[in-house]
Amino acid sequence: MNSAASEIPVLAVDGPGGAGKGTVCREVAASMGWHLLDSGALYRAVAVFAGIRGVPLDDHPGLADLAAGLPVDFVPASDDTRVLLSGTDVTRELRTETTGDLASRVAAIPEVRDALSQRQRDFRQLPGLVADGRDMGTVIFPDARAKVFLTASARERARRRHKQLLDKGIDANIDRLYGEIVERDRRDEERAVAPLKPAPDACVIDTTSMSIPEVVDAVLSHLRSRLSD
Ligand code: DC
């Protein structure tokens, strides 16, 4: 990273799936007029691309090659960002639980993480970046101006994911979602590279009994206090 890039402020938002990071990051980025990096979408896109290209999950060099040349584009839309792979809209497939599970396996492969790291840093553009992920504050942007770790109980995260899927017209079983969340947490927390954990200088916010507007306010006030330091 050059010195100019290091002066561009980053808000790193890490935490487990279902803690509300996606919505909160979108709203904080819109409120600040900053760019948004959904790093999970990159791991999800590698998983989908591997399926299209027929690359098995145990072919680590093959997956790293796919990640290095990933033909992904993010197109802002009124409801949600559309994700294109080689020009084809894969947004819906990207958001399924099956893809999330595959992404968590792909994300445990060090060569894949390496292949995606520069692409993530390239999102650091003026006037600033909100970076949503698992290792934003620990590995990708250790010099972020502000770091937040959003968490919530696994039960509450399962309840939220269930509602989110039903709202999108996708049928889901809440107990199965809970089991998948616990299993995915374990995989993300126990992996050897870039495990899910708060950076030592992160502000940890437990959102279990908070509404989205309350979380957005808490994150914005933490960010503003760090920007005025
Ligand atoms: O946030 P998400 O559910 O879209 O992420 C999908 C998977 O990708 C998740 O299980 C963990 C992994 N991931 C990661 O390892 N590092 C990131 N920075 C973002 C996501």
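You will find that of ALA12, ALA68, ALA50, the residue that is free of Cβ contacts under 8 Å to residues at least 60 places away in the same chain, more than 27 Å from ASP167 (Cβ to Cβ) and surrounded by 17 or more Cβ atoms within 10 Å (Cβ to Cβ) is ALA50 and no other.
Only a single criterion out of (1) open to solvent by 10 Å² or more (accessible area, probe 1.4 Å); (2) within 14 Å of the ligand (Cβ to nearest atom) is not satisfied by SER153, namely (2). Of the residues that make up region 173-195, is at least one farther than 26 Å from ARG121 by Cα, within 14 Å of the ligand (Cβ to nearest atom) and of a type in the set (Lys, Arg)? Looking for residues that are farther than 26 Å from ARG121 by Cα, within 14 Å of the ligand (Cβ to nearest atom) and of a type in the set (Lys, Arg), one finds at least one in region 173-195, hence yes.
The sole residue among LEU102, LEU42, LEU36, LEU57 that is outside any helix (DSSP H, G or I), in contact (Cβ under 8 Å) with a residue 24 or more places away in the chain, touching a helix residue (DSSP H, G or I) at 6+ places or on another chain (Cβ under 6 Å) and under 27 Å from GLY137 (Cβ atoms) is LEU36.
Okay, residues lined up against (1) in contact (Cβ under 8 Å) with a residue 24 or more places away in the chain; (2) closer than 29 Å to GLU7 by Cα; (3) among the basic types (Lys, Arg):
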position	(1), (2), (3)
LYS168	yes, no, yes
TYR178	yes, no, no
ILE181	yes, no, no
ARG224	no, yes, yes
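Would you check if LEU126 is free of Cβ contacts under 8 Å to residues at least 60 places away in the same chain, of a type in the set (A, V, I, L, M), on the phi < 0 side of the Ramachandran plot and open to solvent by 10 Å² or more (accessible area, probe 1.4 Å)? No.
The values are calculated or read from the model by the stated rules, or taken from the named source; none is laboratory data. Bear in mind that the values here come from a model prediction, so they are computed numbers and not experimental data. Using ideal geometry, Cβ is built from the backbone for each residue, glycine included, and neighbour counts are taken over all protein chains shown. With ligands, DNA and RNA removed, areas are computed over all heavy atoms of the protein, side chains included. Shrake-Rupley method; radii C 1.70, N 1.55, O 1.52, S 1.80 Å.
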